[in-house]
Amino acid sequence: MTTTTSTPLRETARALVGAGRGILAADESVGTMSKRLQGAGVEPTQENRRAYRELLVTTERLADGVSGVIFCDETLRQSLADGRTFPRGLADLGMMAGIKVDTGTTPLAGADGETLTEGLDGLAGRVAEYVGLGARFAKWRAVLSIGDGRPSSWALLANAHALALYARVCQDAGLVPVVEPEILSEGAHTVHETAAATGRTLATLARTLADAGVDPAGMVLKPNMVTAGASAGRQCTPEEVARATVDTLRATMPTDLAGVAFLSGGQSSETAAANLAAIRRLDTPWPTTFSFGRALVSPALGAWRGDTGAVADGQAALAGEVRRNVPVLSG
């Protein structure tokens with residue numbers, strides 16, 4: 001396939017990362033979301049998880065800055081208060097519904113302290129069901145770390161293989177795969193060490209995706225930014241992060257990739273937004289945007305805290321974070 005060929009898959013991928021809009025990650029598992037609700041003083045019930053996700057997606061003019069929202073299985077099957085399913089309601093609001101399809105990590109045999117993301121068993125059937133429920137794109141996250149010989153070549157290969165298989169299954173079913181190889185920020189490693197690990201990860205991934213016949217113009221990459229470790233003695237300026245990140249991506253990823261939507265990786269909302277803005281000032285062959293979770297929604301949860309009278313406050317907090325990351329809105 002050539003980069004000039006237009007297909008529904010490529011059109012969807014371009015729409016996810018185009019016009020400066022980004023992707024909202026609201027795909028926390030039931031367990032993770034319940035813990036976050038509890039931390040905010042909210043009873044972790046199924047209805048409260050649903051109500052919180054409804055607060056997010058019905059924020060006024062959210063579609064001005066957000067192209068799609070990633071859900072977990074539970075939310076994709078739920079409905080808004082007016083009876084519309086989440087995918088239908090999202091489409092009516094000008095956004096696309098995504099679905100997290102991996103089932104979490106497990107220890108990787110032969111790689112002490114490293115993990116492999118599971119979920120390939122039965123994936124084709126689940127993907128077909130999600131398409132029927134209204135999903136337009138999907139997400140799979142691989143988790144890698146730096147230190148004591150990590151990431152090992154074996155962990156890189158195993159996780160790249162899983163990501164490529166997932167991406168191919170999704171594309172065959174008409175879902176745009178969001179491919180997320182995350183290098184965790186925990187540790188005291190330098191930005192140079194992060195760049196080296198990220199470069200090895202992305203180079204391995206790019207080769208494996210090509211071997212699997214995945215169309216890069218019909219997928220979105222969701223990588224970490226190249227930063228120093230969270231406990232490193234010296235943190236980088238946004239300009240340093242931007243240069244290291246773009247250089248690493250340019251050296252490893254195909255130019256016909258639909259786009260890059262960065263994860264926040266535990267950065268504060270202010271830091272993630274500043275780093276993204278610096279990245280966007282550099283020339284790249286693909287659009288660069290965000291696929292943030294906590295960096296966007298934590299203020300909303302803190303403002304809402306389960307109070308039906310504070311829904312507008314939670315939505316205002318989310319809208320403010322989106323504006324921070326979308327040039328046309330922040331200007």
Exercise. Per the helix-only calculation at 222 nm, which mean residue ellipticity applies to the chain, given -39500 (n - 2.57) for every DSSP H run of n ≥ 4 and division by its residues, nearest 500 deg cm²/dmol?
Worked result: -14500 deg cm²/dmol
Problem set entry | Karplus-derived HN-Hα couplings along the stretch 137-147 (A = 6.51, B = -1.76, C = 1.60, θ = phi - 60°), whole Hz, x at Gly and Pro | 8, 9, 9, 9, 10, 9, 10, 10, 9, 10, x
Seminar exercise, completed: Using alpha-carbon positions, the gyration tensor of the chain gives root eigenvalues a ≥ b ≥ c; with a/c under 1.5 called rounded, otherwise prolate if a/b exceeds b/c, else oblate, the class is rounded
Seminar exercise, completed: Footprinting proxy, GLU270, GLU11: sorted fewest to most Cβ within 10 Å, the residues are GLU270, GLU11
Problem set entry | Table column - 3J(HN,Hα) (Hz), the stretch 232-241, Karplus curve with 6.51, -1.76, 1.60, x for Gly and Pro | 5, x, 10, 9, 8, 6, x, 5, 5, 4
Exercise. Kirkwood hydrodynamic radius of the stretch 125-272 from all distinct Cα pairs, in Å?
Worked result: 15.7
Exercise. Given R₀ = 56 Å, FRET efficiency for ALA19-ASP148 by Cβ-Cβ distance, to 0.05?
Worked result: 0.85
For this session: Counting only C-alpha contacts under 8 Å and six or more residues apart, can you give the relative contact order of the chain as a whole percent?
Result: 19
Problem set entry | Spacing of the two label points (7 Å from each Cα toward its C-beta) at ASP82 and HIS192, in nm | 5.7
Exercise. Residue separation times 0.36 nm, minus the C-alpha to C-alpha distance between THR106 and ARG281: what's the value?
Worked result: 59.2 nm
Exercise. Between the stretch 127-143 and the stretch 264-331, what is the C-alpha centre distance in whole Å?
Worked result: 23
Exercise. What is the spin-label model distance, in nm, from ASP307 to THR58 if the labels are put 7 Å beyond Cα along the C-beta direction?
Worked result: 1.9
Exercise. Which whole-Hz couplings ³J(HN,Hα) result when phi for each residue of the stretch 177-190 is put into the Karplus expression 6.51 cos²θ - 1.76 cosθ + 1.60, θ = phi - 60°, listed in order with x for Gly and Pro?
Worked result: x, 9, 9, 10, x, 9, 8, 5, 8, 4, x, 9, 5, 7
Seminar exercise, completed: Listed with the fewest Cβ neighbours within 10 Å leading, SER145, SER264, SER29 appear as SER29, SER145, SER264
Exercise. Label-point separation (nm) for ASP121 and ASP247, each offset 7 Å from Cα along Cα-to-Cβ?
Worked result: 4.4
For this session: Determine the distance separating the Cα centre of the stretch 187-247 from the Cα centre of the stretch 1-78; give it in Å without decimals.
Result: 23
For this session: List every residue whose amide H lies under 5 Å from the amide H of GLY68, counting only residues 5 or more places away in sequence or on a different chain, with H placed 1.01 Å from N in the peptide plane.
Result: LEU24, MET96
Problem set entry | Ranking of TRP154, TRP140 by count of other Cβ atoms within 10 Å, fewest first | TRP154, TRP140
Exercise. Percent antiparallel among DSSP beta bridges with both residues in the chain, to the nearest 5?
Worked result: 15
Exercise. Is any residue of the stretch 55-72 close enough, with backbone N under 20 Å, to a label point placed 7 angstrom from the Cα of ALA316 along the Cα-Cβ axis, and if so, which?
Worked result: 55-65
Exercise. Which shape class applies to the stretch 1-111: rounded if a/c is under 1.5, otherwise prolate when a/b exceeds b/c and oblate if not, where a ≥ b ≥ c are the square roots of the Cα gyration tensor eigenvalues?
Worked result: oblate
For this session: Using a cut-off of 11 Å between beta-carbons, work out the net charge of the residues near SER67 (Lys and Arg +1, Asp and Glu -1, SER67 not included).
Result: +2
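All of the numbers you see were taken from the coordinates with simple rules; none came from a lab. All figures in this text were calculated on a predicted structure; none of them were measured in a lab. We place every Cβ from the backbone using ideal geometry, glycine too, and count neighbours over all the protein chains shown.
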